[in-house]
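A quick write-up on the structure given underneath.
The numbers here are math on the coordinates, done by the rules we state, and not lab data. For clarity, every value in this text was computed on a predicted model and none was experimentally measured. Methodologically, a virtual Cβ is constructed for each residue, glycine included, from the backbone with ideal geometry; neighbour enumeration extends over all protein chains shown.
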């Protein structure tokens, strides 16, 4: 199963962070509109991501809910009929909720830098250091920490958990 090292942070000044990412990555970034539906599972998280273009991907991942860098194990499957798949999974497993966001994606080496505007939640930044087969999680953590410094993200802004968890807490 592929692994990455992930870090999430709350973002105060979205435009300033986007500018730093553009300068770091020497590109404009790619804007992606995502609509994620989460399903009930015994372990990990299962979500169906639907893109604005109409295709989607089913993603299972498992990671600890801790602040700072953490290892995430994941598996993905693409689908050309995500609405039908969402209906089947909702009937079979039950839905936990939905996260809608506009993501600006930047690539820096082996790291995906996501700058997210999450509806009803706020602005966030997420790093995903895609580990190579011969890399340890510690190496991925070092890469993530270096990028946090380059982007000027202080450790106090690091957060744990998933957007879905925070949205569900707000609803209670």
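What span do the alpha-carbon atoms of the range 3-171 cover on each of the three principal axes, reported in whole Å from largest to smallest?
Here the spans come out as 45, 34, 31 Å, largest first.
When only C-alpha pairs under 8 Å and at least 6 residues apart count, what is the relative contact order of the chain, in percent? Walk me through the numbers on the way to the answer.
On the way: 350 pairs, mean separation 53.6, N = 172.
About 31 percent, as a whole number.
Using only the alpha-carbon atoms, how far is helix 82-93 inclined from the longest principal axis of the chain? Give it as 0 to 90 degrees, nearest 10.
It is inclined by approximately 70 degrees.
Helix 14-25 versus the longest principal axis of the chain: what is the Cα-based angle in degrees, 0 to 90, to the nearest 10?
Helix 14-25 sits roughly 70 degrees off the main axis of the chain.
Once you place label points 7 Å from the Cα toward the Cβ at residue 93 and residue 112, how far apart are they in nm?
Taking the simple label geometry, residue 93 and residue 112 are separated by 1.7 nm.
Please give the Cα centre distance for the range 96-172 versus the range 1-77, rounded to the nearest Å.
Each part's Cα centre sits 6 Å from the other's.
Per-residue ellipticity at 222 nm for the chain, helices alone: DSSP H runs ≥ 4 residues times -39500 (n - 2.57), over residue total, nearest 500 deg cm²/dmol?
Details: 4 runs with 48 residues, N = 172.
Calculated from helices alone, the mean residue ellipticity at 222 nm is -8500 deg cm²/dmol.
Using the 2.2 N^0.38 Å rule of thumb for compact globular proteins, work out how the range 1-90 stacks up: its C-alpha Rg over that value, please. Intermediate values should be presented prior to the final figure.
Values: Rg = 15.7 Å, N = 90, 2.2 N^0.38 = 12.2 Å.
After normalising by residue count via 2.2 N^0.38 Å, the value is 1.29.
With angles folded into 0 to 90 degrees, how steeply does helix 137-151 sit against the dominant principal axis of the chain? Use alpha carbons for both and round to 10.
70
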